[in-house]
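Enquirer: Starting off with a structure, shown below.
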Amino acid sequence: MTEVVESSQRWDDPIVAEVRAVREALFAQSDCDLEKFARTLQEGQRRSGREVVIRSPRRPGDCGGEAIWDSLEPEDVPVTDAQRRELDCRLDDLEREGGPGNRP
């Protein structure tokens with residue numbers, strides 16, 4: 001039987017801990033100034049000689065799959081009546097709130 005880990009127990013990942021420690025050290029070297037920290041990181045990127053890829057920002061609610069959803073017919077995605085009612089409810093909520101990009 002699988003043992004359930006209580007939420008009060010913390011799972012420590014040594015790699016995550018190392019990354020966080022390096023981040024904190026770099027931030028401290030930047031006098032805890034966020035703009036200076038960002039400039040330091042960007043300078044490190046330039047010095048690395050690696051290509052820096054900058055992606056355009058995603059709009060809230062844009063999953064990039066609208067064309068896929070628009071191409072589907074209801075019978076392409078079988079759902080139970082209960083699932084259909086739940087989806088309809090959630091869509092109604094989104095419409096009342098002004099869409100996914102307007103959520104708090």
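The values are calculated or read from the model by the stated rules, or taken from the named source; none is laboratory data. Remember, it's a predicted structure, so these values are computed and weren't measured experimentally. Using ideal geometry, Cβ is built from the backbone for each residue, glycine included, and neighbour counts are taken over all protein chains shown.
Enquirer: Can you list residue pairs whose Cβ atoms sit under 8 Å apart, with the first residue in the range 4-20 being hydrophobic (A, V, I, L, M, F, W, C) and the second being at pLDDT 75 or above and not in a helix (DSSP H, G or I)? Count only pairs 6 or more apart in sequence or on different chains.
Expert: Note: pairs meeting the criteria are Val5/Trp11.
Enquirer: Looking at the range 32-42, is at least one residue surrounded by 11 or more Cβ atoms within 10 Å (Cβ to Cβ), at pLDDT below 90, part of a loop (DSSP other than H, G, I, E, B) and not assigned by TED's automatic domain parsing to the domain that holds Leu94?
Expert: No, every residue in the range 32-42 fails to be surrounded by 11 or more Cβ atoms within 10 Å (Cβ to Cβ), at pLDDT below 90, part of a loop (DSSP other than H, G, I, E, B) and not assigned by TED's automatic domain parsing to the domain that holds Leu94.
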